[in-house]
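The values are calculated or read from the model by the stated rules, or taken from the named source; none is laboratory data. Just so we're clear, the structure is a prediction, and the values are computed from it rather than from any experiment. Note that each Cβ is placed from the backbone with ideal geometry, even for glycine, and that neighbours are counted across all protein chains shown. Side chains included, ligands, DNA and RNA excluded: accessible areas come from the protein's heavy atoms. Shrake-Rupley method; radii C 1.70, N 1.55, O 1.52, S 1.80 Å.
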Amino acid sequence: MAQKLPYKIANIGLADFGRKEIVMAEREMPGLMALREKYSSAKPLRGARIAGCLHMTIQTAVLIETLVELGAEVQWSSCNIFSTQDHAAAAIAKTGVPVYAWKGETDEEYIWCIKQTIFFPDGKPLNLILDDGGDLTNYVHDHHPELLAGIKGLSEETTTGVHNLYKMKREGKLKIPAINVNDSVTKSKFDNLYGCRESLTDGIKRATDIMLAGKVCCVAGYGDVGKGSAQSLRAFGSRVIVTEIDPINALQAAMEGYQVTTVEEAIKEGASVFVTTTGCRDILTGEHMQQMPDDAIICNIGHFDIEIDVKWLEQNCKEKVNIKPQVDRYTLQNGKHIILLAEGRLVNLGCAMGHPSFVMSNSFTNQVMAQLELWTKPGQYSVDVHFLPKRLDEEVARLHLAHLGVKLTVLTPAQSAYLDIPQEGPYKVDHYRY
């Protein structure tokens, strides 16, 4: 085997800057810091070789260093070509953790980075996967099936990756245990909702400096990401129109006071900002773009770049002008202009800094717990898609309460007996909808 690069990043000189931001982020990530305090002596992940494919941000740096503190060897690539924060990657590389990620990778470089995480410097292969979107999971299954028997399992971060896992399971292609981190309550109802509520408009504003008050905005999809996105735009004074395929989500949006209609009707209503949140393809098409007002802003906050037909824009525009990184202005054949953010990829990470540290602490505490479950309980998880137990979901929330000054009410013994719920929880049945 050829000698392995110790890392490949944009600029190792950014490491000191990255370290300063990591120190700040640690203060805002109490869940991860609590896990370090609890497990650092025991090193329960000793022997684990974790390959991670997840946005290489400052918050992810805190996750990586938590896994290392718990005894794991770790290698990392980013799950999006624009989401790496180069100072974060530099800070981690400087510690000796192999990182293969930089902002602005090509698609070919992106795959190359994933490949680098399969085998560790001593030649041994990965034995745990921490994924976001399913690209690493798919690559290992498709190109290294000989390694699957030695992999204890994988944990998946996001909705798109979870869809991929269930598809693999249905088709008989999933060969290792998987934990669906995305649908832990303390992930999907916090990261997807409250994270997007703060990071979507951060990305739009950094990219365009647009004033959102008074604008008509269209949010495609009203899942947790769509809910947070719609709230974010409305908080700035926008009138928000929602599109949906699911009658339950559509009814939720309507009862929150949003107009629910189609993209075509939203264009007729004068929408000038369009946000896709669905995880599905062909949400904004060339036909839609030709009907939009001049200088309409379009962006995506779903995982993959399939929601906006960027290929149509590239092939049918009269002119494309790059305003600044991740901001492109297209002139259409009809003379109108379209402003596309982050090339149709995640706008909050491509044009801003992603979710705040605190909400990512919720998500990443779940990730560490999932890795601990898979590594320390071999044989307990079958080849299937699993959820973390309710008690762990509640524990993730509990670890974050003091940081916000929250004081819980404690059930009395009589109340506990009346409800038939232990005083220490869990407090809800597994099928409870928060």
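Among the residues making up the range 285-314, those that are farther than 21 Å from Ile210 by Cα, touching a residue at least 60 places away in the same chain (Cβ under 8 Å) and open to solvent by less than 10 Å² (accessible area, probe 1.4 Å) are Gly302, Glu307. As a summary of the residue check, Gly31 satisfies the conditions (1) among the small types (Gly, Ala, Ser); (2) open to solvent by 70 Å² or more (accessible area, probe 1.4 Å); (3) not in a loop (DSSP other than H, G, I, E, B) except for the one numbered (2). For Leu340, the stated conditions hold: it is buried (at least 21 other Cβ atoms within 10 Å of the Cβ) and assigned to a strand (DSSP E or B). For the criterion of being touching a strand residue (DSSP E or B) at 6+ places or on another chain (Cβ under 7 Å), within 29 Å of Gln333 (Cα to Cα) and surrounded by 16 or more Cβ atoms within 10 Å (Cβ to Cβ), Ala266 passes.
So Leu165 fits all but one of (1) in a helix (DSSP H, G or I); (2) touching a His at 6+ places or on another chain (Cβ under 9 Å); (3) touching a residue at least 40 places away in the same chain (Cβ under 8 Å); (4) aliphatic (A, V, I, L, M); what number is the exception? Status for Leu165: all satisfied but (2).
When the range 86-117 is filtered for residues that are assigned to a helix (DSSP H, G or I) and either in contact (Cβ under 8 Å) with a residue 60 or more places away in the chain or polar (S, T, N, Q) (or both), the ones remaining, listed by number, are Asp86, His87, Ala88, Ala89, Ala90, Ala91, Ile92, Ala93, Lys94, Cys113, Ile114, Gln116.
Scanning the range 395-411 for residues that are in contact (Cβ under 8 Å) with a residue 60 or more places away in the chain and within 24 Å of the chain's Cα centre (by Cα) yields Val396, Ala397, Leu399, His400, His403. Kindly indicate whether Ala42 is open to solvent by 40 Å² or more (accessible area, probe 1.4 Å) and at pLDDT 95 or above. In short, yes.
Residues are listed down the side, and each one gets a yes or a no for (1) among the hydroxyl-bearing types (Ser, Thr, Tyr); (2) open to solvent by 50 Å² or more (accessible area, probe 1.4 Å):
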site	(1), (2)
Ser361	yes, no
Asn366	no, no
Met369	no, no
Trp375	no, no
Glu394	no, no
Val406	no, yes
Ala417	no, yes
Pro422	no, yes
